Amino acid sequence: MSTKKLWGGRFTTESAEWIDAFGASISFDQLMAHEDLEGSLAHVKMLKHTKILNATDADQIVAGLQELQLELNTGKLTFSVENEDIHMNIESILTKKIGPVAGKLHTARSRNDQVATDLHLYLKHRLPEIIGVLIQLQKVIIEKAEENVYTIMPGYTHLQHAQPISYGHYLMAYYQMFKRDIERFSFNQQHTDLSPLGAAALAGTTFPINRQFTADELKFKDIYANSLDAVSDRDFVLEFLSNASILMMHLSRFCEEIILWCSYEFNYIELSDEYSTGSSIMPQKKNPDMAELIRGKSGRVFGHLLGLLTTLKGLPLAYNKDLQEDKEGLFDTIKTIVPSLKIFTGMLSSLKVNEEKMAHATEHDFSNATELADYLANKGIPFREAHAIVGKLVLKGTQNGFNLQDIPLEEFKKISPLIGQDVYEDLKSKTAVERRHSAGSTGFDEVNKQIKNAKKELDF
Ligand code: ARG
């Protein structure tokens, strides 16, 4: 006597409910219900096209699946743990609707190629939206950069004042980082846009299927070349998680700077009220919660990448149930990165820049030390020597409370008679930025060029 399960033929004992619940994926893979129906429709149309099923049966199945699509869209489909996963849930609902002919749908197919197909479709459908929100962010970056080409701030290395830069230049650095993210997601789409359908359980099938037909129906660019690879490959998910991790790392770095810069000590920027929160006890507080939360959420995305890598690392070919663990991390990552990007974009576009505070920070520090060393080097003093001279002046300045631009000309003349009045122009932070003409530098002209190129890239 067999059990009630769809695959219960060779079983004699029912498993306990709690054991079934452990093995079930319906609680999360129902997110792929649309894709599952889409895949099944393509499959049954192919079965009809290849005459594996007769037209009457195939048409009946198509009609049933289409009804299920409608029911799904209107929230009328309900799933149960007894049917384990989305694939068997849908088959069982279809059977109730159209009778035993539903059992013909699974001809020349396995849940192994079915689940892989669903997952490919799921990610394939979402990558364009993710790229779209990234482009929105890039546009806001460009707008902000355009407003701030001439806003001068300290550039940092080791979080110490290094050299003055344009805030627009700083922003455009992030433009480049997100551009690479987009490139990575686009490449990811190449490996996602492949059809595993028709690989069946692992070895292909003796039925005269047409894999290109289903691939075309589902608008896949190509089909997997090897049936074992088709059902066991999750590289496209790993690539996605890796790309998402790099993206979240970028957002997290950006957030870290925002958090730091809206502190009392920096006060370079002010977040709009919409993206800030207050404290239940300290009335004065305005906290950068959204930036902190995005920075925090990077952790779970990195975790999903490591989780799936670990799941996959010991798996023999082809399908293993371990692969069921591929979904929750992927779903959660999409659920995390899309709102993170949208919130970040709004936060960036609405934040106020405190230009005076930024500029002030470059006018009362030693971030013009390189300019003085370069000035001396231009007068013929070997750069190493010039570096040492300026270093000593900086030491004196820090000990006695003056900056390089406060040094009287007579004092400069004692160092080198070659130093003239023009040194003071070079010591201004604006001059330091303006005079940089090397390609990709912070010079105003170069920043304007970057912005122009970026606009051209986005057709914006
Ligand atoms: N729920 C399963 C998963 O997500 C579907 C594939 C099951 N295949 C099997 N041979 N048990 O991986």
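FYI, it's all coordinate maths here, none of it is from the lab. Since the structure is predicted, the reported quantities are computational estimates derived from the model, not experimental observations. Virtual Cβ from ideal backbone geometry, glycine too; neighbours counted across all protein chains shown.
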* **Relative counts (whole %) of C-alpha pair distances in the range 1-143, using bins that are 5 Å wide** => 2, 9, 16, 18, 18, 13, 9, 5, 4, 3, 2, 1, 0, 0, 0
* Note down the magnitude of the dipole of the range 204-243 about its Cα centre, charges +1 on Lys and Arg C-beta and -1 on Asp and Glu C-beta and zero elsewhere, to the nearest 20 debye. => 100 debye
* **Quotient of Cα Rg and 2.2 N^0.38 Å for the range 326-385, N being how many residues it contains** => 2.22
* Structure fact -> quick shape note, the range 294-341: Cα extents on principal axes in Å, largest first -> 37, 14, 10
* Structure fact -> Dimensionless Rg/Rh of the range 301-460, both radii on Cα and Rh by Kirkwood, sits at 1.26
* Structure fact -> Listed with the fewest Cβ neighbours within 10 Å leading, F402, F240, F185 appear as F402, F185, F240
* Inter-label distance for A55 and D322, nm, one decimal - labels placed 7 Å from Cα along Cα-to-Cβ -> 4.9 nm
* Structure fact -> Residue separation between T107 and L458 times 0.36 nm, minus their alpha-carbon distance, gives in nm 121.7 nm
* Kindly provide the helix-only [θ] at 222 nm of the chain, computed as the sum of -39,500 (n - 2.57) over DSSP H runs of four or more divided by all residues, to the nearest 500 deg cm²/dmol? => -20000 deg cm²/dmol
* To do: Find out how many positive minus negative residues lie around D181, taking Lys and Arg as positive, Asp and Glu as negative, among other residues whose Cβ is under 13 Å from that of D181.
  => +2
* Label point 7 Å out from D422 along Cα-to-Cβ: which residues of the range 366-402 have amide N under 13 Å? -> 375-380
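Using the Cα centre of the chain as the reference point, and only Cβ charges (+1 on K/R, -1 on D/E), how large is the resulting charge dipole? Debye, rounded to the nearest 20. Don't jump to the answer; show the numbers that get you there.
Values: 50 positive and 62 negative charges, 112 e Å.
Rounded to the nearest 20 debye, it is 540 debye.
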* So, counting K/R as plus one and D/E as minus one, what does the shell of residues with Cβ under 14 Å around S245 add up to? -> +3
* Equivalent ellipsoid semi-axes, the range 233-316, via Cα gyration tensor eigenvalues times 5, rooted, Å -> 36, 13, 9
* Furthest towards positive pole of dipole, V231, H49, F79, structure part the chain, Cβ charges -> H49
* Structure fact -> Placing one equal point scatterer on each C-alpha of the chain and summing with Debye, one gets log10 I(q)/I(0) at q = 0.07, 0.09, 0.13 Å⁻¹ equal to -0.54, -0.75, -1.14
* Structure shown: which of K286/K430; K45/K221; K219/K321; K221/K456; K76/K104 lie over 30 Å apart, alpha-carbon to alpha-carbon? -> K286/K430
